[in-house]
Amino acid sequence: MSNWRLIIKVIGILLFIESGLLLTCFIMGIIYEEPERYSFLWPMIIAWAVGVANQYIGRNSSSNMSRKDGYMIVTVVWLVFTVIGMLPFLFSGTVPDVASAFFETMSGFTSTGATIMDDCGSLPKCIIFWRSVTQWIGGVGIIFFTVAILPAFGVGEVKLFAAESTGPFRNKVHPRISITAKWIGTIYLLLTLGCIASLMCCGMGTFDAINYSFTITATGGYAPHSELISDYFQSPTIEYVMIIFMILSGINYTLLYFAIIKGHFRNFFRDGELRCFFIIFGGATIICTAILTANKILDDNFDTSTFSAFCTGLELSFRDSLFTVVSLQTTTGLANCDYTLWPMPCMPLLLFIMFAGACSGSTSSGFKCVRWSLIYRITRNEFKHILHPRAVLPVKYNGQIVNHQIMRTLFGFTALFVGALLIGAFILAFSGVDPQKIVAHSDFRPDIDFDFYDALGLSMSSISNVGPGMEYYGPAHSWSILSPFAKYTCSFLMLIGRLEIFPVLVLFTRSFWRKT
């Protein structure tokens, strides 16, 4: 039986944090003297009032949290945060309808980065900052970020951490989960501050540097401008800095902790998942660079008159490939070029990159490299068993034997992930676009700009929390043209993708609601 008073109490604690986040955006509106700042007042009051009411209702609750309670809190809090977080968009008039506002906010808190905003640069700065804040707090995990303070309220946190943390392994930097959360939060903050400082040193303005850093370290992708990064800033240095911090944000934070804080660099490079991460994005970058370079040479658009001109063109192909591959694999979703215009041989590879994901224990989403590494090891063992049927060959990962429970969970997650991806694509293919939105998008062609391939890209991008999709729904356009039902479908895919499916879908099982 669920401990409802404790669930209500914890959600109330978390709502105090959302109220504080809304306050920071209200202050941002005061700084820039924007009338839209008042759209944050009522949501802030609502979040605070509901938080107080929840604390009163749960004042006598037991501090013992079951696994059921953890799953319930993790799912419900994302929905509650989204419902309250979408109010500033509606009150300010920057988003016209509830479905679009819910989609935009869910995309923020799940650090997806898909947007319905056609012109982000025209938005008030307080609204732009709110979009970035939703991604920053959602990137490291609303629950995980808050676990550090829950003991102060007399709430147990272990089950909550287990329900929200990602990946098949639960690596700890400290026996106490609250201490682990504080160290992970410290790493997250250091990455954010380092990214802000680096971008400002490259000539980026303070406001842009803060917003881009919030979305890069969260591997979210909300940008304060609708233009491509290369077009707006015209600075290769800024692009390379973004690449570096996207890679760092896609690495397991436990590894970063032991490398940065403890100085254990040897174990850092021996990690199997990290090697898998580097192999995937390194190999994909080389392939895309070769395809882009060959395509330009064949089209006679590649200056080969001098060696320096050839190197300049090659560097551009490499930078575009590296930025795009890293952005998609870490599920950041920022774009320095429109990759949907690349040669067709690149498209299947980019779809795989969106599916692959980066490292577990990072702010990125997707399938995760640790699972690819485990599948490779399991497959390799099966081939050995074919040759040596009587041999005892345990699956090892980082020198440790992987138990059968982890392998069962791995295959179960794989089946659910692929199943949800395909079902989501079928639903999106039938739900289609909103006919009323087509008028405002003169370049949209209903006869060829929405088919199952587009729906598959939307589903892949949503469940992997990438942001941009394929074809028309790539980095050059927003998703505002989707029908309301399609937006809710994408929002649900974002949620289950961010929480790695099990914590959400377990709520729909009969056994979850049985009394135990």
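The values are calculated or read from the model by the stated rules, or taken from the named source; none is laboratory data. Because the structure is a prediction, the values reported are computed rather than measured. Using ideal geometry, Cβ is built from the backbone for each residue, glycine included, and neighbour counts are taken over all protein chains shown.
Can you name the residue in the range 434-471 that is β-branched (Val, Ile, Thr) and modelled with pLDDT under 80 and is also farthest from residue 335 (Cα to Cα) among such residues?
The qualifying residue farthest from residue 335 (Cα to Cα) is 439.
Considering 429, 476, 425, 391, which residue is out of contact with any helix residue (DSSP H, G or I) (no Cβ under 6 Å at 6 or more places or on another chain), of a type in the set (A, V, I, L, M) and at pLDDT 80 or above?
Result: 476 is the single residue among 429, 476, 425, 391 that is out of contact with any helix residue (DSSP H, G or I) (no Cβ under 6 Å at 6 or more places or on another chain), of a type in the set (A, V, I, L, M) and at pLDDT 80 or above.
Out of curiosity, is residue 259 closer than 21 Å to residue 139 by Cβ, touching a Phe, Trp or Tyr at 6+ places or on another chain (Cβ under 9 Å), without any contact (Cβ under 8 Å) to a residue 12 or more places away in the chain and not basic (Lys, Arg)?
Yes: the conditions hold for residue 259.
Looking at 323, 278, 355, which one is touching an Asp or Glu at 6+ places or on another chain (Cβ under 6 Å), under 22 Å from residue 250 (Cα atoms) and assigned to a helix (DSSP H, G or I)?
Testing whether each residue is touching an Asp or Glu at 6+ places or on another chain (Cβ under 6 Å), under 22 Å from residue 250 (Cα atoms) and assigned to a helix (DSSP H, G or I) leaves just 323.
How many of the residues in the range 232-276 are buried (at least 20 other Cβ atoms within 10 Å of the Cβ) and not hydrophobic (A, V, I, L, M, F, W, C)?
Result for the range 232-276: 9.
Conditions tested, residue by residue: (1) touching a residue at least 24 places away in the same chain (Cβ under 8 Å); (2) of a type in the set (Gly, Ala, Ser); (3) buried (at least 18 other Cβ atoms within 10 Å of the Cβ).
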{"residue": "347", "(1), (2), (3)": "yes, no, no"}
{"residue": "350", "(1), (2), (3)": "yes, no, yes"}
{"residue": "355", "(1), (2), (3)": "yes, no, yes"}
{"residue": "368", "(1), (2), (3)": "yes, no, yes"}
{"residue": "375", "(1), (2), (3)": "yes, no, no"}
{"residue": "379", "(1), (2), (3)": "no, no, no"}
{"residue": "387", "(1), (2), (3)": "no, no, no"}
{"residue": "402", "(1), (2), (3)": "yes, no, yes"}
{"residue": "405", "(1), (2), (3)": "no, no, no"}
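Quick test for you: out of 109, 103, pick the one residue that is among the aromatic types (Phe, Trp, Tyr), over 17 Å from residue 39 (Cα atoms) and modelled with pLDDT of 95 or more.
Going through 109, 103 in turn, just one is among the aromatic types (Phe, Trp, Tyr), over 17 Å from residue 39 (Cα atoms) and modelled with pLDDT of 95 or more: 103.
Return the residue satisfying two criteria in turn: it lies in the range 482-516 and is among the aliphatic types (A, V, I, L, M) and under 14 Å from residue 366 (Cα atoms), and of such residues it is nearest to the chain's Cα centre (by Cα).
494
Can you tell me which residue among 58, 70, 85 is under 24 Å from the mean Cα position of the chain (by Cα), farther than 30 Å from residue 481 by Cβ and buried (at least 20 other Cβ atoms within 10 Å of the Cβ)?
Step by step, each of 58, 70, 85 is checked, and only 70 is under 24 Å from the mean Cα position of the chain (by Cα), farther than 30 Å from residue 481 by Cβ and buried (at least 20 other Cβ atoms within 10 Å of the Cβ).
Hey, does the range 65-88 have a residue that's assigned to a loop (DSSP other than H, G, I, E, B), within 24 Å of residue 508 (Cβ to Cβ) and modelled with pLDDT of 90 or more?
Yes, because at least one residue in the range 65-88 is assigned to a loop (DSSP other than H, G, I, E, B), within 24 Å of residue 508 (Cβ to Cβ) and modelled with pLDDT of 90 or more.
Residue 18 fails exactly one of the following numbered conditions: (1) assigned to a helix (DSSP H, G or I); (2) touching a Ser or Thr at 6+ places or on another chain (Cβ under 7 Å); (3) acidic (Asp, Glu); (4) in contact (Cβ under 8 Å) with a residue 60 or more places away in the chain. What is the number of that condition?
Of everything listed in (1) assigned to a helix (DSSP H, G or I); (2) touching a Ser or Thr at 6+ places or on another chain (Cβ under 7 Å); (3) acidic (Asp, Glu); (4) in contact (Cβ under 8 Å) with a residue 60 or more places away in the chain, residue 18 misses just condition (2).
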